[in-house]
Amino acid sequence: AQGGIKCIECHDIGKAHSIEFMKGKCIGCHSKEYGKMLDDWILKLNKAIGEIKSLIDKDELALISAKREMNRDITADKKLFDEALKNYSIILKGKGVHNFEYSEEILNQVRATLNQIWKKYEVIGKS
């Protein structure tokens, strides 16, 4: 969590909480504006996550085609892809709002890696 806050200061460990419930916890320590900021973060992260999911799908197909149809060595790029996918999954699992700036930075790095892979294989992915 951001700012040295411990999980148990916001969460009842072992219970699932809705975003609305958690927003109330944020507002309880901060202000109503903080709840709006949380909504803005979620919208921004969800947009980035959707865009990146599209890139993941395209890159995955392009890498498979490159290997199967073109017999290309994709080992290095597959490793980059898998690392990007792992980082993307971390943001999905954590919902990205525990440390918005860091989540945004990770998603930007994931996007850059996936774009790099797509540029290399896009002709294959279009066939």
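The values are calculated or read from the model by the stated rules, or taken from the named source; none is laboratory data. All of these numbers come straight from a predicted model, not from anything done at the bench. Methodologically, a virtual Cβ is constructed for each residue, glycine included, from the backbone with ideal geometry; neighbour enumeration extends over all protein chains shown. Protein only, heavy atoms only, side chains kept; ligands, DNA and RNA dropped before computing areas. Shrake-Rupley method; radii C 1.70, N 1.55, O 1.52, S 1.80 Å.
With all protein chains in place and a 1.4 Å probe, the accessible surface of the chain carries 56 percent carbon and sulfur.
The length gained by stretching the chain between Glu9 and Ile90 to full extension, at 0.36 nm per residue less their Cα-Cα distance, is 27.0 nm.
Using the Cα centre as the reference, give the magnitude of the dipole from point charges on the C-beta atoms of the chain (Lys, Arg: +1; Asp, Glu: -1; all else neutral), rounded to the nearest 20 debye. Please list the in-between numbers first.
Working: 22 positive and 19 negative charges, 40 e Å.
It comes to approximately 200 debye.
Spherically averaged projected area of the convex hull of Cα atoms, the stretch 39-100: 4.3 nm².
What's the extension gain from Ile42 to Ala16 if we count 0.36 nm per residue and subtract their Cα-Cα distance? Before the final figure, lay out each step's value.
Numbers: separation 26, 0.36 × 26 = 9.36 nm, distance 1.76 nm.
Extra length from Ile42 to Ala16 when fully extended: 7.6 nm.
Rolling a 1.4 Å probe over the heavy atoms of the protein chains gives the chain an accessible area of 68 Å² per residue. Bridgeable lysines around Lys23 (alpha carbons under 29 Å apart, same-chain partners fewer than 8 residues away excluded): Lys6, Lys15, Lys32, Lys36, Lys44, Lys47, Lys53, Lys86, Lys93, Lys95.
Using a Förster distance of 25 Å, how high is the FRET efficiency between Glu83 and Glu105, based on the Cβ-Cβ distance and rounded to 0.05?
Details: r = 15 Å, r/R0 = 0.60.
Given R0 = 25 Å and the Cβ-Cβ separation, E is 0.95.
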